[in-house]
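The values are calculated or read from the model by the stated rules, or taken from the named source; none is laboratory data. What you see is a predicted model, and the numbers here were worked out from it, not measured in a lab. Backbone-built Cβ (ideal geometry, glycine too); neighbour counts: all protein chains shown.
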């Protein structure tokens, strides 16, 4: 095994720096006393993010031999817990002079090896390298990482491409957002992103291939990340539950209603099972639950909830009813962008329907409505009304209306409402 490992390390170092890596907007320190872990859904670009970090180290003068990268899904190896030390021995036999140097260890999918956390803790204590880990969300949730590494890690979440990253991947300049030509081009490009989503491997693929790739992602998430991980035996109920959730994306949902729907279709399942299914889909980054805002945290947990989905391309591929519902797709896209920006977000209802309430240090900082088409004056006024009503209780909050094309500023009732195209908002800081 050692000889193959040495060859693997040499081959990787000979390839550095790795070309054509799209930079991501995830700021991770290259030098940290904490173990850095990157969690996220399958195929969202975690491995290539590692490559970009390694490229940055090379560009700033780090010798390639000081970097140990290994992917534990390499089919040539079937590691047991004791084999991890063999990997380390092979590295130091190859580079004996590095024993006293500062090292960078990048381990992809290390959770495939039993007792990996003991190995990581030991080398951190003895060698004190900079350690970076990725794990598929099916086996390595952020809570599990924190527990396994005894609070010595920081977890960052990576998602499919944002619109800014999508543009970067396609070499689309976003430096000048005010010229007519650029605005027209970006608006058209955004429409493509709205439907096709941001999974890196699917970009610029023929339509038939793109759809097959997305379907394969979904199948693996269901079978490996949920059924195998949680030993779900009621496959029919799980699949019907997920189908029901996808049909209500960007809308309120009820476990009780889904339970009754399944029961009426003669599908045997308990409510507790459905709550478990919901938790499983959140664990693998498939669905996200959006809470209704209440000043009382207890009431917030008890109130209505909305459901959102990891990626529009994957969503449109598995829920054909949403293919043409660009209003729902736009709202889902804005929600995911807010998640990328790590915002604390809620929604409001009961006469003051508002899609997103963004919390700041001193309360609600922003009130955001999302509406695909504002060409109708009645639609515009319907969207503005709850913003104005909510602003009476939150006078310091910024009021914003995100649409597909419209851009202007509205002065009404002494308040200023910024109307901004979604493509421009997505590219804003």
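Annotations for the structure displayed:
- Filter result for residue 90 (in a strand (DSSP E or B) and in contact (Cβ under 8 Å) with a residue 40 or more places away in the chain): no
- Where residue 282 falls short, out of the listed (1) crowded, with 16+ Cβ neighbours inside 10 Å; (2) in the same structural domain as residue 235 (by TED's automatic domain parsing): (1)
- Odd one out for residue 360, checked against (1) under 22 Å from residue 162 (Cβ atoms); (2) in contact with a strand residue (DSSP E or B) (Cβ under 6 Å, 6 or more places away or on another chain): (2)
- Inside region 353-366, residues that are within 23 Å of the chain's Cα centre (by Cα), surrounded by 21 or more Cβ atoms within 10 Å (Cβ to Cβ) and without any contact (Cβ under 8 Å) to a residue 60 or more places away in the chain make up a count of 2.
- Counted residues, region 34-88 - those being farther than 16 Å from residue 107 by Cβ and in contact with a strand residue (DSSP E or B) (Cβ under 9 Å, 6 or more places away or on another chain): 6
- Residues that are more than 18 Å from residue 287 (Cα to Cα) and in contact (Cβ under 8 Å) with a residue 24 or more places away in the chain within region 246-265 comprise 262, 265, listed in sequence order.
- Top-ranked residue of region 117-132 - restricted to ones that are part of a helix (DSSP H, G or I) and in contact (Cβ under 8 Å) with a residue 40 or more places away in the chain, ranked as surrounded by the fewest Cβ atoms within 10 Å (Cβ to Cβ): 124
- Which listed residue, of 275, 193, 166, 217, is surrounded by fewer than 18 Cβ atoms within 10 Å (Cβ to Cβ) and either in a helix (DSSP H, G or I) or touching a residue at least 12 places away in the same chain (Cβ under 8 Å) (or both): 275
- Verdict on residue 66 being farther than 25 Å from residue 5 by Cα, surrounded by fewer than 21 Cβ atoms within 10 Å (Cβ to Cβ) and either in contact (Cβ under 8 Å) with a residue 24 or more places away in the chain or not assigned by TED's automatic domain parsing to the domain that holds residue 215 (or both): no
- Residues in region 29-47 that are crowded, with 16+ Cβ neighbours inside 10 Å, touching a helix residue (DSSP H, G or I) at 6+ places or on another chain (Cβ under 9 Å) and not in a strand (DSSP E or B): 41, 42, 43, 44, 45.
- Residue 135 being at pLDDT below 85 and under 27 Å from residue 286 (Cβ atoms): yes
This table checks each residue for (1) at pLDDT 95 or above; (2) in a helix (DSSP H, G or I).
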| site | (1), (2) |
| --- | --- |
| 173 | no, no |
| 185 | no, yes |
| 205 | yes, no |
| 239 | yes, yes |
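- Taking region 318-429 as the region of interest, the strands (runs of 3 or more DSSP E) fully inside it that hold 2 or more residues being within 30 Å of residue 240 (Cα to Cα) and either in the same structural domain as residue 251 (by TED's automatic domain parsing) or modelled with pLDDT of 95 or more (or both) are 345-348, 354-360.
- Any hit, region 282-290, residues being under 17 Å from residue 245 (Cα atoms), out of contact with any strand residue (DSSP E or B) (no Cβ under 7 Å at 6 or more places or on another chain), modelled with pLDDT of 95 or more and not in a loop (DSSP other than H, G, I, E, B): no
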